[in-house]
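This report concerns only the one structure given below.
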Amino acid sequence: LLETLDGLLRDGAFRGIGEISVVHFPSPGFPEADFDPAGPLMTGIMELARRYRLPVLVHCEITRLREFEALLRAHRDVPVIWAHGGYTPYFLARRLLERHPNLHYELSARTWRHHPRSPDYTIFRTATDLWPEWRALIEAMPTRFVVGTDASHRSREDDQKKVDSVRRLLSQLSGATRNAVARDNLLRLVGPVR
């Protein structure tokens, strides 16, 4: 797998690696995955990301935080975009962002009004308003968050709901933070549009 990935990355056509589902709880359409986030395969992927100066998008549930943090510490020069922010509660999100300057918190599925796995995953206090703590965290670390919509549960109606939820999130941020989270942070991570 690492040889194949190396071959794909060699010509520079790809701007990042992932989403790598290292640890993923089972859900409709997705079997459970539970691999060591700091094991040889992920270490190899991170080494390739280092060599090609690419970010890695990783899906890792909070059940394997110790190993995930070991991966982040061992590759401090590799930007890691944490898919859905690991569905962490606020206090863990803050702690991990403070500890790991290479960690970027991706917000897809966190902005949905109802998540199929758990209603607790949303960063919205109500159907329209962010939790004040989440807004303050994003404003305090505006370069560390990126939006996304997630590709699961695809339909035109679901896609529109996801886009609307991202717009609700962005509408509650200051102008500079909104631009960073909506566009600038991701472009900085993957490079300028060609």
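All but one of (1) over 11 Å from Leu71 (Cβ atoms); (2) touching a strand residue (DSSP E or B) at 6+ places or on another chain (Cβ under 7 Å); (3) at pLDDT 95 or above hold for Ile45, so report the exception by its number.
The failed condition is (1).
Does region 1-21 hold any residues that are open to solvent by less than 60 Å² (accessible area, probe 1.4 Å) and either of a type in the set (S, T, N, Q) or within 24 Å of Asn185 (Cα to Cα) (or both), and which are they?
Leu9, Gly12, Gly16, Ile17, Gly18, Ile20, Ser21
Could you please give the count of residues in region 168-182 that are free of Cβ contacts under 8 Å to residues at least 12 places away in the same chain and either surrounded by fewer than 13 Cβ atoms within 10 Å (Cβ to Cβ) or of a type in the set (Ser, Thr, Tyr) (or both)?
Looking only at that region, the number is 2.
From the residues in region 116-151 that are surrounded by 15 or more Cβ atoms within 10 Å (Cβ to Cβ) and hydroxyl-bearing (Ser, Thr, Tyr), which one is modelled with the highest pLDDT?
Across region 116-151, the extreme among qualifying residues is Thr122.
Which one of these does Leu41 not meet: (1) of a type outside the set (Phe, Trp, Tyr); (2) closer than 28 Å to Thr122 by Cβ; (3) open to solvent by 60 Å² or more (accessible area, probe 1.4 Å)?
Here Leu41 meets the rest and fails (2).
Taking the condition closer than 21 Å to Thr122 by Cα, at pLDDT 95 or above and surrounded by 15 or more Cβ atoms within 10 Å (Cβ to Cβ), does Ile81 pass?
It is true that Ile81 is closer than 21 Å to Thr122 by Cα, at pLDDT 95 or above and surrounded by 15 or more Cβ atoms within 10 Å (Cβ to Cβ).
Quick one: which of His59, His24, His75, His100 is within 24 Å of Arg135 (Cβ to Cβ), open to solvent by less than 80 Å² (accessible area, probe 1.4 Å) and not hydroxyl-bearing (Ser, Thr, Tyr)?
Answer to the selection: His100.
Do you know which residues across region 84-97 are out of contact with any Cys (no Cβ under 9 Å at 6 or more places or on another chain) and buried (at least 20 other Cβ atoms within 10 Å of the Cβ)?
Scanning region 84-97 gives His84, Gly85, Tyr87, Thr88, Ala93, Leu96, Leu97.
Can you tell me how many residues in region 6-37 are assigned to a loop (DSSP other than H, G, I, E, B) and closer than 19 Å to Glu69 by Cα?
So the count comes out to 4.
The values are calculated or read from the model by the stated rules, or taken from the named source; none is laboratory data. Keep in mind the model is a prediction, meaning the values are calculated, not measured. Backbone-built Cβ (ideal geometry, glycine too); neighbour counts: all protein chains shown. What goes into the accessible areas is simple: the full protein's heavy atoms, side chains included, and nothing from ligands, DNA or RNA. Shrake-Rupley method; radii C 1.70, N 1.55, O 1.52, S 1.80 Å.
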